[in-house]
Amino acid sequence: NLSRMKYQEDCEREWPSDYFIKSADLQNVIMLPRIPGCKTAVFTKRLVAFHETFASVGKKTQGSKEKSTSVVWHEAIACRSAGEIASAFVIALGNARDKNHVILWLDNRSAQNNHWTLITTLVRLVNNTTVEINDITLKFFESGHTFMSADSFHHGVELEMKRRQNGCVYDFPEFVDVVKKSNSGNSDVITMSNNDFREYLGCQSQAKLRKSQTLLANMSVIQTRRGSKKMFFKKKTQ
C-alpha cells in the first residue's frame, strides 16, 4: 500500500545530518522476573517493564548510522497512559534537540485520545526554546501493514533475553542491560525517573473537531511546526 511504499522510500534514502528519522513503538510489556520453566514466577505478582523504542530508519548519514533510542521504565515509576507515553517521546526527542527536522513512523493502533495527547505535546515541544527542532512529522502506517525497524529492534531484545543464562532476566536493572547489549549495542538507552514524567493532556477542541469532522483515522501524515500552534496534515488519499 501507499504507506508501506513511502516507508521503503524513507528506508532507502540517505538523510542529511540535520534529520532525526525513526520508527517508534512500545514493545509488548515485559514481566520481570522472566524465568522460563519456573511456575512460581508465572503465578507470582511480577514487575511490569516498559520499553518505547525509537529505531533508526534510512541509510547511513554522512558515513555513520545513527543509533536508535530506547526509553525504559517500570510500573513503580509510571504506567502507559497517554500522558506517560508522551513523556517518553519528549525525553527521547531530547536526543534530537540539535536537529532541525524530526520524522517519526508510527503504527495506527493507538487510541484517538492517545494520539491527540501526543500531538498537542509535540506542538508545545517544537515551540520550546530548549530544542532547535523546526518541525516534527508523524507518518502513520495503515492497519495490517505496520512492520517497521522498531519491530526488528524488539526482536533483537527478545533474542538477547534468550541468550542470558537459562533465558532468565531477574530484575529491571538486568533488563536495562539486555536492551543496552541487544542489537549489537546500537542504542542509546534512557532510563526514566519519576521527575521525567509530566501529566500531558490532549488540548484539542472537541467543538472544532465536530464542526470540521476531522478524524485522525483519516490522516496519513501530521506535522507540527515551530512558530505555529496549528497542526498540518495530509489525508490518506493525498
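Points to keep in mind about this one:
- Any hit, segment 210-218, residues being open to solvent by less than 40 Å² (accessible area, probe 1.4 Å), in a helix (DSSP H, G or I) and modelled with pLDDT under 75: no
- The set of residues from segment 101-148 being at pLDDT 95 or above, part of a loop (DSSP other than H, G, I, E, B) and open to solvent by less than 10 Å² (accessible area, probe 1.4 Å) comprises just one member, 133.
- Test: residue in segment 181-189 that is farther than 23 Å from residue 89 by Cα, of a type outside the set (Val, Ile, Thr) and in contact with a Cys (Cβ under 9 Å, 6 or more places away or on another chain): no
- Note on segment 1-46: among residues that are surrounded by 15 or more Cβ atoms within 10 Å (Cβ to Cβ) and among the acidic types (Asp, Glu), the one that is farthest from residue 175 (Cα to Cα) is 10.
- Within segment 166-184, being open to solvent by 40 Å² or more (accessible area, probe 1.4 Å) and either over 19 Å from residue 76 (Cα atoms) or in contact with a helix residue (DSSP H, G or I) (Cβ under 6 Å, 6 or more places away or on another chain) (or both) holds for 166, 180, 181, 183, 184.
- With respect to (1) under 18 Å from residue 199 (Cα atoms); (2) free of Cβ contacts under 8 Å to residues at least 60 places away in the same chain, the lone exception for residue 132 is condition (1).
- Check on residue 190, open to solvent by less than 40 Å² (accessible area, probe 1.4 Å), within 21 Å of residue 48 (Cα to Cα) and outside any helix (DSSP H, G or I): yes
- Residues that are touching a residue at least 60 places away in the same chain (Cβ under 8 Å) and open to solvent by 40 Å² or more (accessible area, probe 1.4 Å) within segment 85-100 comprise 91, 95, 100, listed in sequence order.
The values are calculated or read from the model by the stated rules, or taken from the named source; none is laboratory data. Fair warning: this is a prediction, and the values are worked out from it, not measured in the lab. Using ideal geometry, Cβ is built from the backbone for each residue, glycine included, and neighbour counts are taken over all protein chains shown. Note: areas computed on protein heavy atoms with side chains; ligands, DNA, RNA excluded. Shrake-Rupley method; radii C 1.70, N 1.55, O 1.52, S 1.80 Å.
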